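*Asks:* First, the structure itself, so that you have it in front of you.
The values are calculated or read from the model by the stated rules, or taken from the named source; none is laboratory data. Worth saying up front: this structure is predicted, and the values here are computed from it rather than measured. Cβ: placed from backbone, ideal geometry, glycine included. Neighbour counts: every protein chain shown.
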Amino acid sequence: MPARHNRVTRGEDYRRIVRTGNRVGGALCITYAVPRSIGDNPTDTSARFGFIISKAVGNAVTRNLLRRRMKSVTEEFIRDGVSGVDIVFRALPKSASASFDELRHEMRRSVRRIQSE
């Protein structure tokens, strides 16, 4: 699980990222991203990640499994050095039936497109 400083935790941050962020669509999830606002700590340029997984995706067991898979992929992003951005992934219902490798590929593609913009 990503450390607390690598997670989007406040509702107002989710709203800001989704409403004003760059949007990248995909078959399994929609990705929103904004450059990281540094705030009080200018040395903290780490990336933060959040997840929106609605009941349309499936029951609680399915949603939690999907969230754990997405968190695992974001840990890879952190190890790979993704920084300076807040990213929110909105899972689409099709993601519930996707394999872990398909989900990882989709999320990596989205983050690459965001970083290239």
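*Asks:* Where the second residue is in a helix (DSSP H, G or I) and not acidic (Asp, Glu) and the first is without any contact (Cβ under 8 Å) to a residue 12 or more places away in the chain and within 19 Å of residue 67 (Cα to Cα) and lies in the stretch 2-29, which pairs have Cβ atoms under 9 Å and are six or more apart or on separate chains?
*Replies:* 3/78; 25/110
*Asks:* Filter the stretch 44-59 for residues that are in contact with a Ser or Thr (Cβ under 6 Å, 6 or more places away or on another chain) and assigned to a loop (DSSP other than H, G, I, E, B); which is surrounded by the fewest Cβ atoms within 10 Å (Cβ to Cβ)? Show your work before the answer.
*Replies:* Filtering the stretch 44-59 for residues in contact with a Ser or Thr (Cβ under 6 Å, 6 or more places away or on another chain) gives 45-47, 49.
Narrowing the set further to residues that are assigned to a loop (DSSP other than H, G, I, E, B) leaves 45, 47.
On the way: 45: 12, 47: 20.
Only one residue tops the list, namely 45.
*Asks:* For residues that are assigned to a helix (DSSP H, G or I) and either among the hydrophobic types (A, V, I, L, M, F, W, C) or modelled with pLDDT of 95 or more (or both), tally how many sit in the stretch 78-96.
*Replies:* Number satisfying all stated conditions: 5.
*Asks:* Scanning for something among the aromatic types (Phe, Trp, Tyr), within 12 Å of the chain's Cα centre (by Cα) and over 16 Å from residue 26 (Cα atoms), does the stretch 71-79 turn up at least one residue?
*Replies:* yes
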